[in-house]
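In what follows, a structure is listed as structure tokens, so that the remarks can point back to it.
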Amino acid sequence: QVQLSESGGGSVQTGGSMSLYCTYSGDTTRRHYMAWFRQAPGKDREGVASYDVDGDTIYSPSVEGRFTISKIDAINSLILRMSSLRPEDTAVYYCAASYYRNPRSMLHESFYDYWGQGTHVTVSS
């Protein structure tokens, strides 16, 4: 089991920057995948960025070039650095994790077994 807890959300104006943090705990010694997802009201959950067991990353085309996912094991943290924010980035952002398996669909929610509670991000014009 992996426990996840997001923080760092808030309000920012268009063009601004913000970093989100996911602290993980539990059985984290096993190789695992992690990712950030987001969900706007009335919309499906969208994969934002993933970080695989080898440290390779995948980004949604909607955020590539603006967002960066990173992982700092020393402090058990997954970080999503966001820049050039747009109103369409407004959503609840979730941290997700799963243990190693045959990799596929890294940005689809069905791949992940463990989820945080989410942190709100609001980008205003």
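The values are calculated or read from the model by the stated rules, or taken from the named source; none is laboratory data. Just so you know, these numbers come straight off a predicted model, no measurement behind them. Every residue, glycine among them, receives a Cβ derived from its backbone with ideal geometry; neighbour counts consider all protein chains shown. Keep in mind that these areas ignore ligands, DNA and RNA; they rest on the heavy atoms of the full protein, side chains included. Shrake-Rupley method; radii C 1.70, N 1.55, O 1.52, S 1.80 Å.
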Query - Mean accessible surface per residue for the chain, computed with a 1.4 Å probe while every protein chain stays in place, in Å² - result: 51
Query raised in the report: In the range 1-71, which trypsin sites (Lys or Arg not before Pro) are in a loop and have at most 10 other Cβ atoms within 10 Å, using DSSP for the loop call?
Result: Arg30, Lys43
